[in-house]
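Quick notes on the structure that follows.
Every number in this text was worked out from the coordinates using simple rules, so none of it is lab data. As the structure is a computational prediction, the values presented were derived from the model and not from experiment. For neighbour counting, all protein chains shown are included, and Cβ atoms are generated from backbone atoms with ideal geometry for every residue, glycine included.
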Ligand code: GAR
């Protein structure tokens, strides 16, 4: 168990994606274990989830640092001490600087509740509803220096219903997030991802059947 590669997960809130990753790891679906949960908020529920599974936690409060770079340098120090080979942002609501990115090149994943490059930043589901798209979804991508702009690893699509609220759409998307984040982590830890420029290729991936969907179904 303890010789499995270590994943560090960074959270700011509920941590339901963290839970999906822990559960997948405990079921043996990903060849790694969560060895650190780090939050910028002491009251993030994700820390309690980690505690229930005996996973070490740390809090690094961004308000205690004079600059983003100083905050990121502390994050890097704590993550390095955990021995993590992969860093997963899971509802971590801070924009990181090159200090953080350069410490873990092509080793940081993020999940975003929209089909990037549409609707980056905060409130992805609300942005999709306001825009009036018929489909939205979620994206796991490698972090780069932009906001939600890095190379895309996995996406999943969900329909937007005409009576959706931000909450109902976000919940439908979140269910898919819980599926694709562990999947992306598995692919990474199995060494099956290659990044070339913007493009990620996946060794041994099956072909997705062509499909045609429409929404509304009228
Ligand atoms: C998730 O929907 C995640 O995609 C989103 O925050 C939520 C965290 O939920 N992240 C962003 O919007 C990042 N831009 P969780 O704490 O229950 O995993």
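Okay, here's what the table says:
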| quantity | calculated |
| --- | --- |
| Distant alpha-carbon pairs in the chain (separation over 21 angstrom), percent | 55 |
| Relative exposure of 65, 92, judged by other C-beta atoms within 10 Å (fewest first) | 65, 92 |
| Share of Cα-Cα pairs in segment 1-53 lying beyond 13 Å, as whole percent | 53 |
| Fewest-first sequence of 122, 139, 97 by Cβ atoms within 10 Å of each Cβ | 122, 97, 139 |
| Cβ-derived FRET efficiency at R0 35 Å, residue 167 paired with residue 214, nearest 0.05 | 0.90 |
| Gain on full stretching of the segment that runs from residue 68 to residue 14 - 0.36 nm per residue minus C-alpha separation | 17.1 nm |
| Antiparallel bridge percentage (DSSP; both residues within the chain; nearest 5) | 50 |
